[in-house]
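Structure first, then comments.
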Amino acid sequence: MKIEEIREKIELFEEEVAREAYANRIGLKDELNIAKIFEKYKKIFDKENIILIERKVKNSKDRLEKRIYEHILYYLINGYLDLKVAKMQDEVETYEAKAFVKYKGKKINFRHLGVIIVNEKDKKIRDKMSDLDVNIKKKLNSYYKDLLENDYKMLKNLQFKGYQHFYELVKEIDYKDLEKVLKKFLIDTDERFEKLMENLMKDINIDLKDVKNYDAAHYFTGKEYDKHFPKERLMEVFSKTLLNLGFDIKNQKNIELDIEDRPKKVARAFCYPIKVPGEVKLVIKPHGGHDDYESILHESGHAEHYGNTNDKLPFELKMLGGNHSVSETYAFLFGFLLMNKEWLKNYTKMDDKTIDNFYRMSEGYKLFMFRRYCGKLIYELKLHNKNLKKLNNHFEETNQEYKDMGECYKDILSKSTKTIYNEKNYLVDVDDGFYSADYLRAWIMEAQLRNRLKEKYGSKWFLRKEAGDLLRKLYSYGDSKKIDEIAKEVGYDWLKVKYLFDEFNEFLDEYAV
C-alpha cells in the first residue's frame, strides 16, 4: 500500500471508529460494531505497512516529517494489536453497557453502580453494594487478561522486547526513572499524608484503618458544598470562565455540547474529537454539585485544545499523538480552577471559611489521586513484567512474592492511598498504554504552566484574555509537540516536579497537623 493511501485510510477509519464509539458512550447505541469497521480497513494494519513506515521514521531528516511518521507508526502498531481482538473489544463494551446488578429488587446499570455507591451516605450499605459487581468484574477481568496476552504476543511478533519497551519507545519515557522519582515522593509525604487522611476521614466518622477506597471517594464527593455549585448555574459559570479567557463557547460552532440526561449515557464527562478542529464533542451528564463544574471545565480543556488546533497541520499532527499528557495538561489546568481560592471567590458565593474548607477537601482529593496514580504506575510496571516480588512500606522489593496480581494490586494501591482496595479490580483498573504515566506527567506540567501564567498575569490569570491567548497558541500545535517541548514553549528547559511537589508539601504542612 502506498504511504498516501495509508494516511487517507487512517483518517477515514479514525472518524468512523470515533462516531461508533461516541454513539455508544452517549447512550444512543447499545451494540458496538468496531470489529466491522476494522474488517473494512484491515489492510491498513498489515505488517508490511508497519515495516514501510518504520523505514520512513528512520530515514526522515525533517523534524515534523519524522513526527508525522512516528504518529502513523504508533497508530498502525496499535491497530495491528487491536485487529485480532476487535470482536472481543466490542463484546467487552457491549457487555459493560448492558450489564446490571440487582439491589433490593431494583436493577442498577453497572456503569452507574460506582456513582451510586460513592453517593451513598451509609457505610454499611456502601459495603454491601460494593460486592454486587463481583461476577461482572470477574468476567471483565477475564476479557482484559485475554486482551493483554494478545498485546504481549503481537508486540513480540514485531520484535519489541515487551509491553513496557514498546511504550517507552513511542512515548519517549523512561518509566523506571519516573517510578523512582514518584516512589521518593510517596515516602517523603507518607506520614503527613496518613495524618491528613486520618483528619479527613474523621469528618465522616470512619477510622482510617477501616476506610475502603469508595469510602474516601464518598468523602471527596463533598456533598455539603454542592449547594454552592447549583446545576442551574453550571453553564453560566462555565461559559463565563471560558469567555474571560477569550473562548466564546456559545459561538464556537466546532465544539458541540451534549448535556442531555440519557439512561445509558456514560456517567463520566468526556471529550470526543471526531474531526480536529472541525467537530469536537463535549459531553457531560449533569446532576448538580462541584464535580459537575470540575468535570465540564476539565473536558473543556481537551475541547479547546482540539477545537483550536491549527487546521493546516497534517491530520497525524492534529490528533494521532500517542502521548496524551499534553492534552491532559490543558484539561487539568481548567479542572483545577476549583482548587483555586481566587476563582472560587469570583465564581461562587462561598465565604472565606467555606472556601478554605472546600480547598482542604479538594486539594486533598488532588493529592489522593496523584498518589493513587503513582501506585497505579508502580503496579502496572509489575503487571506488564509479571513481577510478583512483594514491596515493603518503602516500596522496595523484598524476597517474598505476592500470591497473584490481585494481591499485588491491592497491596500497592492501598499503601499509596492509605485506603483499602479490592483485588477484583486488578485488571479493570488498568488503563492501556501506561496512561497512568501520561496523567502523572500532565499533573507535573500543569503545575509548571499554572506557575508561568501566575508569573505573567497574576493570581487571577483566569480573568485575563492574554492568558487565553497564550493557551490558544499552545493549543494550535495540536499533537505536533511532545510535553517536554511544551515545557520549553513556556520557558522551562524540561519537565520539573518541583512546582507540583512544592504545592503538595505546602498543603500538607498546613493541613496535616
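Restricting the calculation to Cα atoms, the chain shows an Rg/Rh of 0.94 when the hydrodynamic-style radius is the Kirkwood one.
Protein heavy-atom surface of the chain, 1.4 angstrom probe: 48% of the accessible area is carbon and sulfur, with nucleic acids and ligands not counted. DSSP bridge analysis restricted to the chain gives an antiparallel fraction near 70%, rounded to the nearest 5.
Over the chain, what is the relative contact order in whole percent, taking alpha-carbon pairs under 8 Å and six or more residues apart? Computed over the chain, the figure is 17 percent.
Each of Leu73, Phe13, Ala99 was scored by the projection of its Cα onto the charge dipole of segment 1-139, and the greatest displacement toward the positive side belongs to Ala99; charges sit on the C-beta of Lys, Arg, Asp and Glu. Normalised per residue, the accessible area of segment 125-250 is 51 Å², obtained with a 1.4 Å probe and no contribution from ligands, DNA or RNA.
Take the alpha carbon gyration tensor of segment 295-453, find the square roots of its eigenvalues, order them as a ≥ b ≥ c, and report rounded if a/c is under 1.5; if not, report prolate when a/b exceeds b/c, else oblate. Verdict is oblate for segment 295-453. Placing +1 on the Cβ of every Lys and Arg and -1 on the Cβ of every Asp and Glu, with no other charges, gives segment 1-42 a dipole of roughly 80 debye about its Cα centre. Loop-located trypsin sites (Lys or Arg not before Pro) in segment 365-428 (DSSP state other than H, G, I, E, B) with a sparse environment of at most 13 neighbouring Cβ atoms within 10 Å: Lys386, Lys403. Given a cut-off of 32 Å, name the pairs among Lys47/Lys285; Lys202/Lys341; Lys47/Lys424; Lys107/Lys349; Lys138/Lys231; Lys156/Lys212 whose C-alpha atoms lie farther apart than that in the structure shown. Table pairs above 32 Å Cα-Cα are Lys47/Lys285; Lys47/Lys424; Lys107/Lys349; Lys138/Lys231; Lys156/Lys212. Checking the cross-link pairs Lys195/Lys366; Lys180/Lys386; Lys312/Lys454 against a 25 Å limit on the alpha carbon distance flags Lys312/Lys454 as lying beyond it. Which of Ser295, Leu140, Ala447 sits farthest toward the positive end of the charge dipole of the chain, with +1 on the Cβ of Lys and Arg and -1 on the Cβ of Asp and Glu? The listed residue farthest towards the positive side: Leu140. Take every pair of alpha-carbon atoms less than 8 Å apart whose residues are at least six positions apart; their mean separation over the length of segment 16-160 yields a relative contact order of 21 percent. Computed with a 1.4 Å probe over protein heavy atoms only, the accessible surface of segment 288-376 comes to 27 Å² per residue.
In the chain, helical runs assigned H by DSSP with n ≥ 4 each contribute -39500 (n - 2.57); averaged across all residues and rounded to the nearest 500, the mean residue ellipticity at 222 nm is -20000 deg cm²/dmol. Within the straight-line cut-off of under 14 Å between alpha carbons, the aspartates and glutamates reachable from Lys9 are Glu39, Asp46, Glu316, sequence neighbours fewer than 8 places apart in one chain being disregarded.
Solvent-accessible area per residue in segment 413-513 equals 39 Å², computed with a 1.4 angstrom probe and all protein chains kept. Backbone N atoms of segment 279-305 closer than 17 Å to the 7 Å Cα→Cβ label point of Arg233 belong to residues 287-297. Bridgeable aspartates and glutamates around Lys345 (alpha carbons under 17 Å apart, same-chain partners fewer than 8 residues away excluded): Asp226, Glu236, Glu294, Asp356, Glu363.
A Cβ-based charge dipole, computed about the Cα centre of segment 1-96 with Lys and Arg at +1 and Asp and Glu at -1, lands at about 580 debye. Among the aspartates and glutamates, select those whose C-alpha is under 12 Å from the C-alpha of Lys171, and discard any that sit fewer than 8 residues away in the same chain. Lys171 reaches Glu70, Asp438, Asp484.
The values are calculated or read from the model by the stated rules, or taken from the named source; none is laboratory data. These figures come from a predicted structure and were not determined experimentally. Glycine gets a Cβ as well: all are built from the backbone with ideal geometry, and neighbour counts include every protein chain shown. Note: accessible area is taken over every heavy atom of the protein model, side chains too, but ligands, DNA and RNA are not part of it. Shrake-Rupley method; radii C 1.70, N 1.55, O 1.52, S 1.80 Å.
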